[in-house]
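The values are calculated or read from the model by the stated rules, or taken from the named source; none is laboratory data. Only a predicted model underlies this, so the values are computations on that prediction, with no experimental measurement involved. Heads up, the Cβs are rebuilt from the backbone with ideal geometry, glycines too, and the neighbour counts pull from every protein chain shown.
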Amino acid sequence: MTLAIKVELKGANKAKEYLVKNNVLSKEYKVLREKEFLYFPLTKKIKSKYLIVEKNLEHNENIKTSLKDVLGNILTKDELERVKTAYDVIGDIAILEIDKELRIKEKEIGNALLRLRKDIKTVVRKEGGHEGEFRTQKMAWLAGEDKRVTVHKENNVLLKMDIEQVYFSPRLST
């Protein structure tokens, strides 16, 4: 039995956002649907407005939760050690740093990230350092939609931006 919250279908998106925001949505188990309800698995017991129940949920087999997990079948062991797994996400665009030695496999790395993160529509690579008074940076498209404009949501504020025309770091959100 697994701890889960029971939510009506119409409120499922809000509940999922709440669980992700509070880092308590378990990826170890699959979400269960029964009639008009969804059961979201929890990593731990929390105080919540949602009903917490124990439910027999199906285990998520072979779940890949990190970029290195997904790249394990694509890159050699040496290449895998050189991969930078940290990346920025602005809206639905992921920004990677890829060493020159791995550039021949950058498209595969970009596609792997798209498979891992369903919320990402575009993967780009930093082309160089920040330039000019406004610290802008050129990007090279790797996978997904070939675009640079996105809408980033932060503290319930929507910011539409071209990632090559503005300096923005999601790491500065706090």
Open item on the list: Take Leu142 and tell me if it is in contact with a strand residue (DSSP E or B) (Cβ under 8 Å, 6 or more places away or on another chain), in a strand (DSSP E or B) and surrounded by fewer than 16 Cβ atoms within 10 Å (Cβ to Cβ).
Closed with: no
Open item on the list: Within the stretch 3-26, does at least one residue satisfy the condition of being at positive phi and more than 18 Å from the chain's Cα centre (by Cα)?
Closed with: no
TODO: Select from the stretch 151-173 the residues that are within 14 Å of Ile95 (Cβ to Cβ) and assigned to a strand (DSSP E or B) and list them in ascending order.
DONE: His152, Met161, Asp162
Open item on the list: Is it the case, given these coordinates, that Gly129 is small (Gly, Ala, Ser) and either part of a loop (DSSP other than H, G, I, E, B) or touching a helix residue (DSSP H, G or I) at 6+ places or on another chain (Cβ under 8 Å) (or both)?
Closed with: yes
- [ ] Out of Ile104, Ile98, report the one residue that is free of Cβ contacts under 8 Å to residues at least 60 places away in the same chain, farther than 16 Å from Tyr167 by Cβ and buried (at least 16 other Cβ atoms within 10 Å of the Cβ).
- [x] Ile98
- [ ] Mind counting the residues in the stretch 46-73 that are more than 17 Å from Thr2 (Cα to Cα), surrounded by fewer than 14 Cβ atoms within 10 Å (Cβ to Cβ) and either at pLDDT 90 or above or not small (Gly, Ala, Ser) (or both)?
- [x] 5
Task: Count of the stretch 13-45 residues which are surrounded by 11 or more Cβ atoms within 10 Å (Cβ to Cβ) and within 21 Å of His59 (Cβ to Cβ) - done: 20
- [ ] Out of Arg171, Arg117, Arg125, Arg148, report the one residue that is at pLDDT below 85 and either surrounded by 14 or more Cβ atoms within 10 Å (Cβ to Cβ) or closer than 24 Å to Leu71 by Cβ (or both).
- [x] Arg171
Task: Checklist (1) surrounded by 19 or more Cβ atoms within 10 Å (Cβ to Cβ); (2) over 17 Å from Lys68 (Cα atoms); (3) not β-branched (Val, Ile, Thr) applied to Ala112, failing item - done: (2)
Open item on the list: Looking at Thr85 and the list (1) at pLDDT below 85; (2) not small (Gly, Ala, Ser); (3) not assigned by TED's automatic domain parsing to the domain that holds Arg103, which single condition is not satisfied?
Closed with: (3)
